[in-house]
Structures are given as structure tokens and as C-alpha cells.
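Student: Okay, here's the structure, questions in a sec.
The values are calculated or read from the model by the stated rules, or taken from the named source; none is laboratory data. It should be emphasised that the depicted structure is a prediction, and the values quoted were computed from it without experimental measurement. Positions of Cβ are backbone-derived with ideal geometry, glycine not excepted, and every protein chain shown enters the neighbour counts. When the accessible area is computed, the model is the full protein with side chains, heavy atoms only, and any ligands, DNA or RNA have been set aside. Shrake-Rupley method; radii C 1.70, N 1.55, O 1.52, S 1.80 Å.
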Amino acid sequence: MVLHQSYVKFSACLFVLLSTALLFVPSVGHAETLTFVSDVISNSAPGANSVSHTIKFTPATPIPVGGKIIIRPESLTGTFNISPLMDFSDLDLATGPTSTGPFIDRTLAAVPSGTEEGVSVVSGASGSITITLGSAGVPAGEVIQIQIGSVATFGAVGDQYIISPLTLGSHHMRFVTTDASNAVLDTGSTVIFL
């Protein structure tokens with residue numbers, strides 16, 4: 001009988017301890033899906049090296065100041081290649097109420113500030129473009145438009161591009177938004193056919 005009572009007390013204590021510990025386990029976040037994702041390109045020839053992109057999508061989750069918009073061209077098969085000379089002057093970032101605008105351009109720079117969004121570029125076949133919001137966040141439901149290449153004309157005309165893959169077929173452009181601590185908010189992708 002004494003053994004049974006000890007077992008019951010031990011089990012009760014263990015239950016309380018584990019239940020309390022679970023209160024302090026961080027919850028696993030769940031990224032939402034970007035909606036109305038598109039990427040209109042100026043040239044669909046395989047291997048084209050002066051291809052402009054007009055990317056649009058709508059975040060499901062607000063992107064706060066300090067949050068990021070990350071563009072990751074497919075890097076597995078038939079890779080895209082981001083020019084090593086690409087910088088903030090080759091991009092435009094604008095937001096608007098609908099996919100047809102009107103769009104309000106935002107000022108871009110190499111680093112974010114209270115009046116500018118920062119752009120960093122990792123060039124090459126496994127490259128990415130990251131825009132860090134510095135002047136203002138983007139509310140959920142607001143349409144984001146990013147233009148890359150010669151279609152980027154706000155402040156300067158872009159002259160660097162993402163080089164298209166050499167292979168025919170479908171290729172993905174992937175997009176991620178994060179908060180200021182790099183926690184993923186939304187993800188999405190679109191397919192480009194060459």
C-alpha cells in the first residue's frame with residue numbers, strides 16, 4: 001500500500017512538473033501564404049541576360065519596420081544568376097491598394113533608415129535580394145510591387161539584371177517576408193516558363 005501511495009504521489013508530481021514546463025515551451029510559428037503572386041518578365045528566352053522583372057504579391061501578415069522581403073530565384077535546376085553589380089539602384093519598391101495601383105514608390109538605399117528601405121544583394125547562381133523595411137511597414141492586404149532591371153526607374157534607371165536559366169521549362173521565383181527578428185511571416189512562389 002505504501003508503494004502504491006508513493007507511486008501515485010510521484011506520478012502526480014511528475015504530471016504537474018511536465019504540465020508547468022509546457023507553459024514555457026515556445027510555440028512553433030506558422031507562416032502564411034502570400035497571395036496574388038506574379039512575376040512578369042521582359043524576355044522569356046533561355047539564358048537572356050537583360051531580363052527585367054515586375055513582381056507583385058500581397059502579404060497575408062503585416063510586415064513591420066525592420067522586417068524583410070526576400071527574393072530567392074530558383075537555384076536547383078537551370079539556375080537564375082544575379083548580376084554581381086546589382087544594387088539598390090537596380091530595383092524599385094512600391095505599394096498600392098490593388099494589383100493595378102496606384103503604386104507609391106519608396107526610396108531605396110544600401111542600408112535602411114527612417115526614410116529609406118535597405119537593399120542587400122547576394123549575387124550569383126544561389127543569390128538573393130533582401131529588402132529591409134526602414135521607413136514604414138507594409139500592412140496585410142497591401143500589394144507590393146518590386147521592379148528589377150530597366151523597368152526600375154524611380155530615382156535611377158536600373159541597368160543590372162537577373163540572368164535567366166539556360167534550360168527550357170518552368171523555373172520558380174520564391175518570396176519570403178520576415179519580421180525584424182527574421183521570423184518567417186509569409187512565403188510564396190511563382191513559376192516562370194522559358
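Student: Output the residues belonging to segment 71-107 that are aliphatic (A, V, I, L, M) and open to solvent by 20 Å² or more (accessible area, probe 1.4 Å).
Tutor: Once the filter is applied, which keeps residues that are aliphatic (A, V, I, L, M) and open to solvent by 20 Å² or more (accessible area, probe 1.4 Å), segment 71-107 yields LEU76, LEU85, ILE104.
Student: Separate question: Looking only at segment 91-114, decide whether some residue is of a type in the set (D, E, K, R) and without any contact (Cβ under 8 Å) to a residue 60 or more places away in the chain.
Tutor: Yes.
Student: Open to solvent by less than 40 Å² (accessible area, probe 1.4 Å) and part of a loop (DSSP other than H, G, I, E, B), is that true of GLY114?
Tutor: no
Conditions tested, residue by residue: (1) more than 13 Å from the chain's Cα centre (by Cα); (2) over 21 Å from ASP90 (Cα atoms).
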{"residue": "SER120", "(1), (2)": "no, no"}
{"residue": "VAL157", "(1), (2)": "yes, no"}
{"residue": "ASP179", "(1), (2)": "no, yes"}
{"residue": "LEU194", "(1), (2)": "yes, yes"}
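Student: Does any residue of segment 98-105 turn out to be in contact with a Ser or Thr (Cβ under 6 Å, 6 or more places away or on another chain), small (Gly, Ala, Ser) and more than 12 Å from MET173 (Cα to Cα)?
Tutor: no
Student: Shifting gears a bit: Of the numbered conditions (1) more than 24 Å from ASP179 (Cβ to Cβ); (2) of a type outside the set (Val, Ile, Thr); (3) in contact with a Gly (Cβ under 7 Å, 6 or more places away or on another chain); (4) modelled with pLDDT of 95 or more, ASN81 satisfies every one except a single condition; which is it?
Tutor: For ASN81, the exception is condition (4).
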